Amino acid sequence: MEKGTARTQFDMTQPGSGPDQRRWSRHKIDVRLKATFQQDGKVTTTFGRANALGKGGMGAYIPCSLAIGTTILLELTFPYSSAEVKLSAVVRNCEGFRYGLEFFDLRDELRGIIEANCKASPLLEL
């Protein structure tokens, strides 16, 4: 692991996690995304896949080592939307290259798109 890229892995089944502890339900999605972030003072862009969506964030596979707390610009088209969107997220947890991302600074329009996609997508079975 590179210097300065502290990562914390944690078991998603640990006490205090799970559906009873979540603020929002999670829904299955499968979309390609573009992630842009700063790493070692350089702007880095890579592609990944989102596989879970909630009103406040998403789960995604991003093939890079990202530190907890890293801010990411995401660009993607949600399954039940025709427009590409850009939104900001922060890395809240990781397990390998699987990241839990929390959205922030969402405009009302984006919030509506996310909510519509959550309603149209099946619940993620735990």
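Read the figures in this text as sums done on the coordinates, not as results from a lab. None of these values were measured; they are calculated from a predicted model. Counting neighbours? That spans all protein chains shown, and the Cβs are built from the backbone with ideal geometry, glycine included.
Tell me, what is the FRET efficiency for I68 and E115 to the nearest 0.05, using R0 = 30 angstrom and their Cβ-Cβ distance as r? Don't jump to the answer; show the numbers that get you there.
Details: r = 27 Å, r/R0 = 0.89.
Approximately 0.70, to the nearest 0.05.
Over region 24-120, what per residue volume does the convex hull of the Cα atoms give, in whole Å³?
On the way: hull volume 8.6 nm³, N = 97.
Value for region 24-120: 89 Å³ per residue.
Under unit Cβ charges (Lys, Arg +1; Asp, Glu -1), what dipole magnitude, rounded to 20 debye, does region 24-120 have relative to its Cα centre? Please report the intermediate quantities before stating the final value.
Values: 13 positive and 10 negative charges, 42 e Å.
With only Lys, Arg, Asp and Glu charged at Cβ, the dipole is about 200 debye.
What share of all Cα pairs of region 45-90, in percent, falls into each consecutive 5 Å distance bin?
5, 16, 34, 31, 10, 4, 1
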